[in-house]
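The next block holds one structure in the form of structure tokens; read it before the comments.
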Amino acid sequence: MAHNPRTFEPSFMVIRNIALCCFVIVCLVVSIPHSSSAQLISHGDLFGPGAPPPLFGVELGFGSHKQQGVYQAACKCDFPEGSGTGFMGSLVFELPVTYEWVLGLKGGIDFKNTFSRVSISDTATIRFPRPIQGDSVTTGVITFDRLGTVKTTYLTFSPFVQYQFFRLGPFIQAGLGVSILIANHFTHQRELTSSTVTPLNGTPIQNLRFENGTLDETLQDGPITDARGLRLGALLGVGYDISMNERAVIAPMITLDLPLTTIRDPLATGWKMQSIFASIELKYKLN
């Protein structure tokens with residue numbers, strides 16, 4: 001079998017994204033002057049007036065993406081499932097209106113990718129050489145895999161509301177993700193899973209190849225047809241604010257992104273991409 005590098009792309013993406021996030025976060029946290037006595041947000045009295053100061057910062061993380069619905073390629077071939085990973089990064093602004101409630105806005109970039117593999121058995125026309133008679137043509141059942149790789153890049157804007165428990169520490173977050181598609185790509189390959197085929201007339205044929213002479217071939221490689229320029233999603237998140245010093249907070253988060261729109265116009269049957277993100281926010285006091 002010929003090696004197909006795209007098959008191992010999701011696991012490589014996970015390793016790369018985790019390493020990148022860890023490196024950036026470590027560099028940022030190390031640069032913060034820590035203080036054991038000062039805190040950015042005072043717990044205050046139970047019925048104390050006022051609110052914490054506005055915060056501005058960055059959010060970095062990686063996402064696990066899962067396909068919903070069916071994606072149909074140009075050959076009318078269906079890809080009913082797929083999964084993958086991708087990196088995300090955003091600027092974050094938070095405006096506390098009370099000790100418990102926060103209004104906020106995020107804006108950044110989101111790379112959503114999925115990989116699909118579908119096993120197929122199909123009757124195909126087979127041409128093979130004969131020493132005396134020359135090329136002959138017959139039919140037989142071949143087995144192969146269809147490989148579909150989807151890559152999308154979105155510019156994201158996410159207004160949200162946040163409820164802060166205990167005035168510092170755990171919080172929940174809900175928002176609307178408005179994403180603008182700025183780049184997309186789809187690659188469709190097929191790969192033989194057996195190089196031997198038995199024609200309908202009975203004599204096995206060895207060393208089966210596609211017409212390009214290899215065990216795999218690319219059928220489609222380009223932009224997604226009829227891709228929607230706008231994606232909407234419901235964002236639900238949980239996190240924990242950790243005060244680093246009198247000016248900075250670091251917050252690990254888990255966010256679920258539930259799609260409200262399809263990726264493509266009617267040619268795909270309910271084709272959407274659901275995501276769950278693990279990220280870290282680093283936020284600074286503005287005044």
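The values are calculated or read from the model by the stated rules, or taken from the named source; none is laboratory data. Not measured: the values here are computed from a predicted model. No Cβ is skipped: glycine too gets one built from the backbone with ideal geometry, and neighbour counts run over all protein chains shown. Areas reflect the complete protein model, heavy atoms only, side chains present, ligands, DNA and RNA absent. Shrake-Rupley method; radii C 1.70, N 1.55, O 1.52, S 1.80 Å.
Could you give every pair whose Cβ atoms fall below 9 Å, whose first residue belongs to segment 271-287 and is more than 20 Å from K112 (Cβ to Cβ), and whose second residue is open to solvent by 60 Å² or more (accessible area, probe 1.4 Å) and outside any strand (DSSP E or B), counting only separations of at least 6 or pairs across chains?
Y284/R247; K285/E246; K285/R247
Take the residues in segment 106-124 that are polar (S, T, N, Q) and open to solvent by 60 Å² or more (accessible area, probe 1.4 Å), then tell me which one is nearest to E191 (Cα to Cα). Give the derivation first.
So in segment 106-124, the residues polar (S, T, N, Q) come out as 113-114, 116, 119, 121, 123.
Checking the rest, the ones that are also open to solvent by 60 Å² or more (accessible area, probe 1.4 Å) come to 119, 121, 123.
Numbers: S119: 9, S121: 12, T123: 15 Å.
Selected residue: S119.
Go through segment 33-68 and give me each residue that's modelled with pLDDT under 90 and either of a type in the set (F, W, Y) or closer than 30 Å to Q220 by Cβ (or both).
Hit for segment 33-68 is F47, nothing else.
What pairs come out if I take residues in segment 55-77 that are closer than 23 Å to I224 by Cα and pair them with residues that are acidic (D, E) and surrounded by fewer than 19 Cβ atoms within 10 Å (Cβ to Cβ) whose C-beta lies under 7 Å away, six or more apart or interchain?
Matching pairs, first to second residue: Q67/E81; V70/D78; Q72/D78.
Quick check on segment 209-226: of everything there that is among the charged types (D, E, K, R) and either in a loop (DSSP other than H, G, I, E, B) or touching a residue at least 60 places away in the same chain (Cβ under 8 Å) (or both), which residue is most open to solvent (accessible area, probe 1.4 Å)? First the steps, then the outcome.
Within segment 209-226, the first condition is being among the charged types (D, E, K, R), and the residues that meet it are 209, 211, 216-217, 221, 226.
If we keep only those that are either in a loop (DSSP other than H, G, I, E, B) or touching a residue at least 60 places away in the same chain (Cβ under 8 Å) (or both) as well, we get 209, 211, 216, 226.
On the way: R209: 98, E211: 172, D216: 35, D226: 75 Å².
It comes out as E211.
Residue-by-condition table, conditions (1) open to solvent by less than 20 Å² (accessible area, probe 1.4 Å); (2) among the small types (G, A, S); (3) within 18 Å of L282 (Cα to Cα); (4) modelled with pLDDT under 85:
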position	(1), (2), (3), (4)
V97	no, no, no, no
G104	yes, yes, yes, no
I126	yes, no, no, yes
G134	no, yes, no, yes
V150	yes, no, no, no
T156	yes, no, no, no
Q162	yes, no, yes, no
P170	no, no, yes, no
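One residue is enough: does segment 232-246 have a residue meeting the conditions β-branched (V, I, T) and in contact with a Leu (Cβ under 8 Å, 6 or more places away or on another chain)? Before you say what the answer is, go through the steps one by one.
Just the residues of segment 232-246 that are β-branched (V, I, T), to begin with: 238, 242.
Next cut, in contact with a Leu (Cβ under 8 Å, 6 or more places away or on another chain) only: none.
For segment 232-246, residues β-branched (V, I, T) and in contact with a Leu (Cβ under 8 Å, 6 or more places away or on another chain): absent.
Quick one: in segment 245-273, which of the residues that are of a type in the set (S, T, N, Q) and open to solvent by less than 60 Å² (accessible area, probe 1.4 Å) is nearest to the chain's Cα centre (by Cα)? Spell out the reasoning first.
Initially, segment 245-273 is screened for residues of a type in the set (S, T, N, Q), giving 245, 255, 261-262, 269.
Imposing the further condition that a residue be open to solvent by less than 60 Å² (accessible area, probe 1.4 Å) reduces the set to 245, 255, 261-262.
Values: N245: 34, T255: 13, T261: 16, T262: 15 Å.
Selected residue: T255.
With the requirement that a residue be open to solvent by less than 60 Å² (accessible area, probe 1.4 Å) and of a type in the set (D, E), what does segment 80-95 give you?
E94
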